[in-house]
1. Hey, in the GNM for the chain with a 10 angstrom Cα cutoff, which one of Lys367, Lys172, Lys21 fluctuates hardest?
2. If I model a spin label at His293 and Glu126 as a point 7 Å from the Cα along the Cα→Cβ vector, what separation in nanometres do I get?
3. Stretch Glu161-Glu317 to full length: gain in nm at 0.36 nm per residue minus the Cα-Cα span?
4. Of the heavy-atom accessible surface of the range 1-59 (probe 1.4 angstrom), what whole percent is carbon and sulfur?
5. So how tilted is helix 305-317 from the main axis of the chain? Cα-based, degrees 0 to 90, rounded to 10.
6. Tell me the per residue accessible area of the range 301-392 using a 1.4 Å probe; a whole number in Å² is fine.
7. Leaving ligands, DNA and RNA out of it, report the carbon-plus-sulfur percent of the accessible area of the range 292-377 at a 1.4 Å probe.
8. Within the range 1-17, whose backbone N sits under 18 Å from a point 7 Å along Cα→Cβ of Asn50?
Amino acid sequence: MNHFILANGWIIDVVDGKVSKGALEIRNGYIVNIIPGEVEHENLEIVDVNGKYIIPGLIDMHCHINDTFARQFVASGITTVRNTGGQGLNRLENLLNAPKDAPTPRVYAADRLIDGPPGLWGPTNEGNFVTDDPNEAREEVKRQVVAGTKFIKVYGLLSKEVMDAVVDEARKHGLEVSCDLIHSTSINALEAAEIGVTWFEHASGFIQAMYPGWYPTADKNEWKHIDWQEPDMEKLTELCEKMLAYDVKICPTLLINDQIELFPDFWDPNNYVTNSFSDEDGLTKHWQEMTKHANIFKEQLGFQNNMLKTITKTYFELGGTVVAGTDSPGGLYSFPGMGLHRELELFVEIGMTELEALQSATINPAKSIGLDEIGVIKKGKIADLVILEKNPLENIKHTKDIDSIIKGGKIYRQEEVLEGLNTI
């Protein structure tokens, strides 16, 4: 159907939270008209969603996608993802070039990450570029620009001098720089913000800024005085205020640390999508292998869970940009697609309203990276929509209760999306 009416649903405006009965006229993949009230007779084909709730397609702002589990994102209502590096853009060619209405998400992608020696993920390869030379780093930024990267990703082993060169070169090409400072031993979030880094994945580097000399593998005996469950709010708030002055954006990926802390009783909705990952699936085998190292994960990351939640809550309450992402499929059972619904639940648990959580995965991320055609239900926008059985503004957990998904104007049931697993 290239032209139809999605009729009699409850349309949720994620800008102001208003819920109104109405219909959407969709033509060639776009919303061309919003019709208030009930629709009974039209010349066009009518798809009746009476009693159901319509929200914009969701956006996962931090994942590492590939062809084999791309469909689980769309089956979960995630119609756009921000791929945060770790592989060359050539590995994403199928997804990047997929039709607008394909049952795979739109991909806003970085190229390989830029790190300092020896490289957290090893020496220079397809997934990361390792250097301590500012000029080499500039040339890598230029190469990525030509390749079509949407932003530049740096890692925490990079020196300040090289990070400064990366940011300076990226600015020349109108690109933002994102950082992962989880394992940084020499640079913290405030220093990166001063250099000009815009995005802070995992809210990383904040703890290093609060407690200079700390990093996940530091001698724990030296840091017994840190109260991880009751953070120093004066110190934390002061840091967040300084970061806010640089207008940085945070994608905290709370799911990752939460799953590690909860393990072995991790979150699993045990629904149609998560059950599509069979025991023989490569990703499931990967997670099973990772569970052998669960104690190490808990020692290095899980104990930070409450601290990172408090950082996220504080920065958001001060008016900072906080968006939803999952880091799927990293860590332990960070289910691609469905993991974002858990992230929204965690946002509500730390104090966001249901509307604010929904905004963190729709309008706010779309605005934050300049994707003007998605994130809201308005005339002229791409028809990326999720039809829900229940109102997510009453309970954010209802975002998982999916009736159907519309991607680029094409209607899919979850089973229709997942029928073509491992293919485009």
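1. Greatest mean-square fluctuation among the candidates belongs to Lys172.
2. Modelled inter-label distance: 2.0 nm.
3. Fully extending the segment from Glu161 to Glu317 adds 52.9 nm.
4. Taking all protein chains in place, the range 1-59 shows 43 percent carbon and sulfur surface.
5. On a 0 to 90 degree scale, this one is about 70.
6. So the range 301-392 comes to 27 Å² accessible per residue, rounded to a whole number.
7. C and S atoms contribute 49 percent here.
8. The answer is 5-11, whose backbone nitrogens lie closer than 18 Å to the label point.
The values are calculated or read from the model by the stated rules, or taken from the named source; none is laboratory data. Only a predicted model underlies this, so the values are computations on that prediction, with no experimental measurement involved. FYI the Cβ positions are ideal-geometry reconstructions off the backbone, even for glycines, and counts take in every protein chain you see. Each accessible area value is taken on the protein alone, full model and side chains, heavy atoms only, with ligands, DNA and RNA left out. Shrake-Rupley method; radii C 1.70, N 1.55, O 1.52, S 1.80 Å.
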